[in-house]
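Student: Sending over a structure as structure tokens; questions will come in a sec.
Each reported figure results from applying straightforward, stated rules to the coordinates on display, with no laboratory input. What you see is a predicted model; the values in this text were computed from it and never measured. We place every Cβ from the backbone using ideal geometry, glycine too, and count neighbours over all the protein chains shown.
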Amino acid sequence: MVDFRFDIIAEYSHFFLMGTLLTIGLSLAGIFFGTILGLFIALGKLVENKLVSFFFTCYIGFFRGTPLLVQILIIYFGVVPYFMGQSNGIAAGILALSLNASAYIAETVRAGIQSIHKGQTEASRSLGMTHVQAMRYIILPQAIRRILPPLGNEFISLIKDSSLVSTIATPELMYWAQAMNAQYYRVWESYVTTAVIYLLLTVSTSYFLSRFERRLSVK
């Protein structure tokens, strides 16, 4: 029978709370900046200029084709010190999560835009709208409804992927689980507690996203 020590969990409870809040903050920042950048990349990939489109295709290919952990390490040890003079775990974590998420979101947005019948774009242009106006007022509002479910899935994945930021000493949830394990050599208490917290975060997020999607579909 496993000797599960709840006193250790109680001792680290405030650390787990701080780590959970930082995990949520990293995930929200990653999905926010990732969505903005992903929309820009998706539109860039859809332009008719093949040279411009190729650049955005390479961007998506790099961030989808290389491990997130490698991206985090490159940004932490190379990119952030180059611009800030020294490494910063939180800044590197947000940047890495945002750039990685933007590649996946870009493909989701692109698929959503291309799923709208071309006849709607042609009808918009026949009414005197520019391409930008047609995209803003006609295409994107319809595409957003279709991309919300995969976008929600990306946010849930981002919550779990944020655990990799612990490798650069960012004090999020997994960081404190490793700290507890290093201090007490107690695997069950540290990692089971962390798993439960991640499960609560992902399940609650999935619940609220599904409710939001149902309300949106009614309108």
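Student: Pairs, please: C-beta under 8 Å, at least 6 apart or cross-chain, first residue at positive phi and surrounded by fewer than 17 Cβ atoms within 10 Å (Cβ to Cβ) and in the range 7-22, second of a type outside the set (Lys, Arg) and in a helix (DSSP H, G or I)?
Tutor: Partner pairs satisfying both residue conditions: none exist.
Student: If you check Ala91 against the conditions, is it surrounded by 16 or more Cβ atoms within 10 Å (Cβ to Cβ), in contact (Cβ under 8 Å) with a residue 40 or more places away in the chain and assigned to a helix (DSSP H, G or I)?
Tutor: No, not satisfied.
Student: Are there helices (runs of 4 or more DSSP H) fully within the range 114-219 with at least 3 residues that are touching a residue at least 40 places away in the same chain (Cβ under 8 Å) and surrounded by fewer than 17 Cβ atoms within 10 Å (Cβ to Cβ)? List them.
Tutor: Result: 140-161, 193-218.
Student: Condition first: over 29 Å from the mean Cα position of the chain (by Cα) and of a type outside the set (S, T, N, Q). Now tell me which residues in the range 111-130 satisfy that.
Tutor: Lys118, Gly119, Glu122, Ala123, Arg125, Leu127, Gly128, Met129
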